[in-house]
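The values are calculated or read from the model by the stated rules, or taken from the named source; none is laboratory data. Because the structure is a prediction, the values reported are computed rather than measured. For neighbour counting, all protein chains shown are included, and Cβ atoms are generated from backbone atoms with ideal geometry for every residue, glycine included. Each accessible area value is taken on the protein alone, full model and side chains, heavy atoms only, with ligands, DNA and RNA left out. Shrake-Rupley method; radii C 1.70, N 1.55, O 1.52, S 1.80 Å.
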Amino acid sequence: MARDVSDSTPITSRDELVAWFEAGSTPPERFAIGTEHEKIPFYRACHSAVPYEGRPTDCPPASSFAGVRGLLEGMRAKLGWEAICDGAHIIGLYDEWGGGAISLEPGGQFELSGAPLATIHQTEAELDRHFAVLQGVAAAFGIGFLSLGMNPKWRLSEIPTMPKQRYAIMANYMPKVGERGLDMMFRTSTVQANLDFSSEADMVQKLRVSLALQPVATALFANSPFTEGKLNGFLSARSEIWRHTDAARTGTLAFAFEPGMGFERYVDYALDVPMYFVKRGETYIDVAGASFRDLLAGKLAACPGEQATLSDWANHLSTIFPEVRLKRYLEMRGADAGPRPMLTALPALFAGLFYDSAALDQAHQLIKPWTADDREKLRADTPRLGLDAKIAGRPLRDVARDVLSLARVGLKRRARLDEQGRDEAYFLDPLDVIAEGRTEAERLIDLFKTEWGGSVEPAFEQCAY
């Protein structure tokens, strides 16, 4: 997330929160695609983590070293984007006209939050521009970026923290509610796709389909097999970490498949997720564990007399982390970050399913027979087994093939063509190769056991943007 929302409009009732979601409905002709991806910076000379400021102590002396702040300032000079600050610290950039943004995750993961765009072709062009500028700036500082879903080498104690108030609050709270929250914050990276809905019924159908199929994305994009220089026993350790982060705000949302699901039901769920903070002015007030219901009623003990605002609600929703998150659009959150072709493959996969009504209906029929127990078992098995997991006795690899076929036909029917006359279906080609062969994680495990000689150091050359 690039920056917290600022909207001081007061809210006093649950109905207003429901209406906020309803106002996110978008006519199909205006459906857009937003793509976000994170990447872990490192110094090429020594494979050390990049601090916010200063320079590493274990790298050879060089005059051009800079930290994450230097990266942001360099990008700002090249792009002309507006700075996002937390106190005296620049923590991101925002394109006031195009809608894109750059932000920092807790351990310095560098994130592009792409603008809402009409086609995957435009997403590809956006990524081309981003990497062209970033790599020019980063090269001057000797910085590279890992294309992995998890930091393969550094211990938590070796990872610098970014100067963002909200992350300090989260880092203090995470160990109280789960075993792996700090790993999630500081050691993982992801690619996400954000897509629109046209109505409450459309939202429910898309939410159910995407929640059920998120393990398919996890398996196809599995790319985090290393931890602290060793194999960790998973294909997507990032996904496994999320299973042990904070049960109150993560997971597969079993209630979304129950009768009566809609905006009201999601509001009730979100109201019961404990808060992290309330932002007033430039200050983040630590209210971790408190109830948004109390803030809505003007009775939050840590903020006596404070009335809830729309920005409080939007910011609270950004601290809820299910496998698919509802805002005024739907966020697909199950995939590891990966090589460049994978950054467009994810939005292509879900645009093909979501933005063609026949593909969406067929995907819904595919997942409809699965029980809550089926879905939860698949969610638990996929980080370790990948495409070899099973759902209701059926290999996930076969499900993935079916899903990719639906998405491909959906993209062809969308018929959004580039200058060469190509539709968007070719963006799925890397996923077809994986579905018929092996995941990126399995390829890296083989390299680790053979050519890399049991070392992850080659990953900093071979798994870098």
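In the stretch 119-167, which residue that is of a type in the set (Asp, Glu) and in contact (Cβ under 8 Å) with a residue 12 or more places away in the chain is nearest to Gly454 (Cα to Cα)?
It comes out as Glu158.
Considering each of Gly92, Gly98 in turn, give the residue that is within 23 Å of the chain's Cα centre (by Cα) and either aromatic (Phe, Trp, Tyr) or buried (at least 21 other Cβ atoms within 10 Å of the Cβ) (or both).
Being within 23 Å of the chain's Cα centre (by Cα) and either aromatic (Phe, Trp, Tyr) or buried (at least 21 other Cβ atoms within 10 Å of the Cβ) (or both) holds for just one of Gly92, Gly98, which is Gly92.
What pairs come out if I take residues in the stretch 352-369 that are more than 22 Å from Gly34 (Cα to Cα) and pair them with residues that are part of a helix (DSSP H, G or I) and among the acidic types (Asp, Glu) whose C-beta lies under 9 Å away, six or more apart or interchain?
Sorted first by the residue in the stretch 352-369, then by its partner, the pairs are Gln362/Asp402; Leu366/Asp402.
All but one of (1) open to solvent by less than 10 Å² (accessible area, probe 1.4 Å); (2) in contact with a strand residue (DSSP E or B) (Cβ under 7 Å, 6 or more places away or on another chain); (3) within 23 Å of Glu111 (Cα to Cα) hold for Lys206, so report the exception by its number.
Failed condition: (3).
Assess whether Arg401 counts as being open to solvent by less than 60 Å² (accessible area, probe 1.4 Å), in a helix (DSSP H, G or I) and farther than 30 Å from Pro41 by Cβ.
So Arg401 does not fit the description; no.
Can you work out which of the residues in the stretch 161-209 that are among the aliphatic types (A, V, I, L, M) and not in a helix (DSSP H, G or I) is nearest to Leu360 (Cα to Cα)?
So, considering only residues that are among the aliphatic types (A, V, I, L, M) and not in a helix (DSSP H, G or I), the one nearest to Leu360 (Cα to Cα) is Leu195.
From the list Ile91, Ile40, exactly one residue is more than 30 Å from Leu411 (Cβ to Cβ) and touching a Cys at 6+ places or on another chain (Cβ under 7 Å). Which is it?
Answer to the check: Ile91.
Might you check whether a residue that is assigned to a helix (DSSP H, G or I), touching an Asp or Glu at 6+ places or on another chain (Cβ under 6 Å) and open to solvent by 40 Å² or more (accessible area, probe 1.4 Å) occurs anywhere in the stretch 448-460?
No, that holds for no residue.
Of the residues in the stretch 299-322, how many are of a type outside the set (D, E, K, R) and without any contact (Cβ under 8 Å) to a residue 12 or more places away in the chain?
Of the residues in that region, 3 qualify.
Looking at the structure I just gave you, is Glu282 of a type in the set (Asp, Glu) and more than 15 Å from Thr250 (Cα to Cα)?
Yes; evaluated as a whole, the condition is true for this residue.
Looking only at the stretch 292-310, count how many residues are open to solvent by 20 Å² or more (accessible area, probe 1.4 Å) and part of a loop (DSSP other than H, G, I, E, B).
Total meeting the criteria: 9.
How many residues are out of contact with any strand residue (DSSP E or B) (no Cβ under 9 Å at 6 or more places or on another chain) and open to solvent by 10 Å² or more (accessible area, probe 1.4 Å) if we restrict to the stretch 317-355?
Matching residues across the stretch 317-355 total 4.
Only one of Leu406, Leu366 is under 29 Å from Arg30 (Cβ atoms) and either in contact with a helix residue (DSSP H, G or I) (Cβ under 6 Å, 6 or more places away or on another chain) or of a type outside the set (A, V, I, L, M) (or both); which?
Leu406
If a residue has to be outside any loop (DSSP other than H, G, I, E, B) and over 18 Å from the mean Cα position of the chain (by Cα) to count, how many in the stretch 243-261 make the cut?
Total meeting the criteria: 4.
Would you check which residues across the stretch 404-428 are open to solvent by 70 Å² or more (accessible area, probe 1.4 Å) and among the charged types (D, E, K, R) and list them?
If the condition is that a residue be open to solvent by 70 Å² or more (accessible area, probe 1.4 Å) and among the charged types (D, E, K, R), then Lys412, Arg413, Arg416, Glu419, Arg422 are the ones that fit.
If a residue has to be free of Cβ contacts under 8 Å to residues at least 60 places away in the same chain, open to solvent by 20 Å² or more (accessible area, probe 1.4 Å) and either among the basic types (Lys, Arg) or under 17 Å from Ser103 (Cα atoms) (or both) to count, how many in the stretch 19-74 make the cut?
4
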